[in-house]
Every structure is written in structure tokens, then in C-alpha cells.
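Each remark here refers to the structure printed beneath this line.
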Amino acid sequence: MQWLDRLPLGPWGLTLVAALIAMVIAWLAFQAGAAVIRRAVARSPSASLITQASRRPASYVLPLLALQFVLRAAPDDLSGIGLTRQFTTIVLIGALTWLIVRIVQASGDAVILSQPIENVTDNLTARRIQTQTRVVTRMVAALVMLIGVSLALMTIPDVRQLGTSLLASAGVAGIAAGLAARPVLGNLIAGLQIAFSQPIRLDDVVIVEGEWGRIEEITSTYVVVRIWDERRLIVPLQWWIEHPFQNWTRSSAQLLGTIFLWVDYRMPLQPIREALKRVCEGSPLWDGRVCLVQVTDFSEKSMQLRCLISTADSGKGWDLRCLVREELMSMMQKDYPEYLPRLRAEMDPPSDTEHRPPAPEQRSPTPEHEHATPAVDKA
């Protein structure tokens, strides 16, 4: 660009013109490269997702790099060139941090897109991968942002000197910061444990604080559990490491369901077994593994039957249990109503002496009941 020296411009004018030309060339190169890359990854949803997410920050990074090269080549005796270089360096670091964070997030989204969990019968592997990807993506993005902010601050001499002067008290400050941020650090460590040991995963069915629900979201500080009635239970990450809970889909979504019936002792069991088998075989909710009836308890009034069924997941298990209850109760009401539980009372036949009617009373004659003879006066 020696032809710029022939223009009637001062040192700063030449520098600005050169910077503008370099940024325009970088922007045109970006547009051409973006068009080529977009066409190359058109058939790959994951690559297209990453390309689309990084397009905007990359459109700033390349012109800023060109601007930085021009400013570095400018004369050092220009007024304010040092402050300008420092400012553009901070802006470039911010743009690079933004670009890397978007690439990390888009990569995580691409992995999640390739492992769907909706409308999949056995989604155990997909849920494990999605859980790890979400947690690790958030951790890496936070680490990249921390490094970016640190590099930006290190370009400022005053801040760098201030950090050097505070180095002697870093030990005390570190202890104080550790005590103050103990809940945050605890959740951070718990998040890493959950990501790799995976006591819970996305879409797991859990029992937490007596509530049945599914894991809807795992963030860097808490877990959102979607309760069956559309409520949301917010649980800190550290709670999952320190407290016991039930996970119904830890190794498989298959579950056994129970239905309890109380019937009279005279009720035959074979009709109930046949009715249960007929209901299970006629319902698409049953997975074909377990269908049986067992006598599990006796009382002084009736006996308890347990109907055991199996389903592919807890949602189908709940629906099939309700269906079995309705059908078995309808069968008993229709065919065996006399064998439903009832309260009996036995009465002994009465004896002759206890219930003999009392003899009528013997009444003595009274003057009013006698026929009196009229008296005759004698003269």
C-alpha cells in the first residue's frame, strides 16, 4: 500500500484509510468463505447449526483482526496509538471469546440434536449423552468467558500492576472467597459429579420429596423436576448428592406395577387370573413380560390379592394399573357380586324358654264381676 503515501493525508489519516481498506477486504473474504462453508455443510444438520451460530461473531472477528494488524504496523509515535491498540485488543478478545462460546454452545446443541429422546422407546443412551453434553457445555462456556475476561484485564497495565501488588494477600483472599462461595463451589462440583456419574439424567422419572416427576432441565446450579400435575420442583444440584431419592429409570424404563384387591374367602382365583390375562393381552400398554395374581395377605374379614403387571415405562404402567382395576371390579360386580368383601354377623337360634310368651294372669272375682241378688225387705 505504498500508493497511500502519495495521498495528501496525515499519519492518522493514512492509518485510518489503511484500516478501513483492510477491514473491507476481511469482510469480503468472510462473506466468500461463509458462502462456501454454508454450501459445503448444507447436508449436515449438526455442521449447519454450528456454522449458523458462529456466523455473526466471526463477521466481527476477521475485520477486527485486520484492524489490529494495521494498528500494529502504524508508527509508534502517533498520538494516542497506544490507547487505540489497547482498546481494539480488548474488543478483539471479546469478539474471540464470543465466537468460541457460540461454537461450544452450538456443538453441544448439535450433539443433543443427534440424540433425540422424544418418541423413542429406549432412550437411555440418548438421555445420558444429553445430560453430559448440557453440563459440560455450560462448564466450558463459563471457563472460556472467565479466560476471556482475564486476558482482557491483563492488557490494562494498571490492573495488572494492581494484581501484582495484591499477590501477597492472595492466600487470605482465596480462603475468604472459598468460604463465601462455598454453596456455589458445592453446586459446581455436584454438577460435575452428576454429569459423569449420572445419578440423574434428562427425562428420568424420579420421586423427590414425595413428588413423582421427570427431570426437565439440569442447569449449573439447580435441577427442574416437572411434576405430573404440571408443577415445577426446583432442587439444588448439591441436594442430589447429599440426599437419597428414587430413580425409576436409572438402568431401564421398564417397571412392574401392582394392583391390590380385597375379596371374600369364597372367591375363586382362576376367574380373576383369566380376567387379568385378558385385560393385559388386549391392551397395547402391556409389554408381555409379567401378568400374574398372588394371594399376599389374610385378615379376619377377607383376603388380599396382588395383581402384578409389567410395562415399558412408568406412564404406561399407571394407565394399565387403572385399566386393570376398572376391568376386574366390573367383572366381579357382574359375575361374582356375592364375593365382594362384606361384614358378617352370626346369630344363634333362640331357645324355647327364652322366647315363650308369659301365661295370662289369674284374676280373683271381684264384687263388681258377681251377679248380685236384690235384697227383699221383710215386713
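Every read-out reported here was derived from the displayed coordinates using simple, explicitly stated rules and does not represent laboratory data. Fair warning: this is a prediction, and the values are worked out from it, not measured in the lab. Positions of Cβ are backbone-derived with ideal geometry, glycine not excepted, and every protein chain shown enters the neighbour counts.
As an equivalent ellipsoid, the stretch 255-336 spans semi-axes of 22, 13, 10 angstrom, where each value is the square root of five times an eigenvalue of the C-alpha gyration tensor, largest first. Along the stretch 257-270 the Karplus relation, 6.51 cos²θ - 1.76 cosθ + 1.60 evaluated at θ = phi - 60°, assigns HN-Hα couplings of x, 10, 10, 9, 10, 10, 10, 6, 4, 7, 5, x, 7, 4 Hz to successive residues, with x for each Gly and Pro. Report the paramagnetic label zone for residue 318: residues of the stretch 195-216 whose backbone N is under 17 Å from a point 7 Å from Cα along the Cα-to-Cβ axis. Label zone hits: 203-216.
Which FRET efficiency value, to the nearest 0.05, do you get for residue 55 and residue 234 by plugging their Cβ-Cβ distance into 1/(1 + (r/R0)^6) with R0 = 45 Å? Walk me through the numbers on the way to the answer.
Values: r = 35 Å, r/R0 = 0.78.
Result of the calculation: an efficiency of 0.80.
Phi angles of the stretch 94-110 translate, via the Karplus equation with coefficients 6.51, -1.76, 1.60 and θ = phi - 60°, into HN-Hα couplings of x, 5, 5, 4, 4, 5, 5, 4, 5, 5, 4, 5, 5, 5, x, 5, 5 Hz per residue; Gly and Pro are given as x.
At 0.36 nm per residue, minus the direct Cα-Cα distance, what do residue 227 and residue 35 gain on full extension? Give it in nm, one decimal, please. Write out the running numbers ahead of the final one.
Values: separation 192, 0.36 × 192 = 69.12 nm, distance 4.60 nm.
Roughly 64.5 nm would be gained on extension.
The H on the amide N of residue 212, modeled in the peptide plane, is under 5 Å from the matching H of 228, each at least 5 residues off or on a different chain.
Once R0 is set to 45 Å, what does the formula 1/(1 + (r/R0)^6) return for the Cβ-Cβ distance between residue 338 and residue 189, expressed as a FRET efficiency to the nearest 0.05? Provide the component values of the computation, followed by the final result.
Working: r = 64 Å, r/R0 = 1.42.
That gives a FRET efficiency of 0.10.
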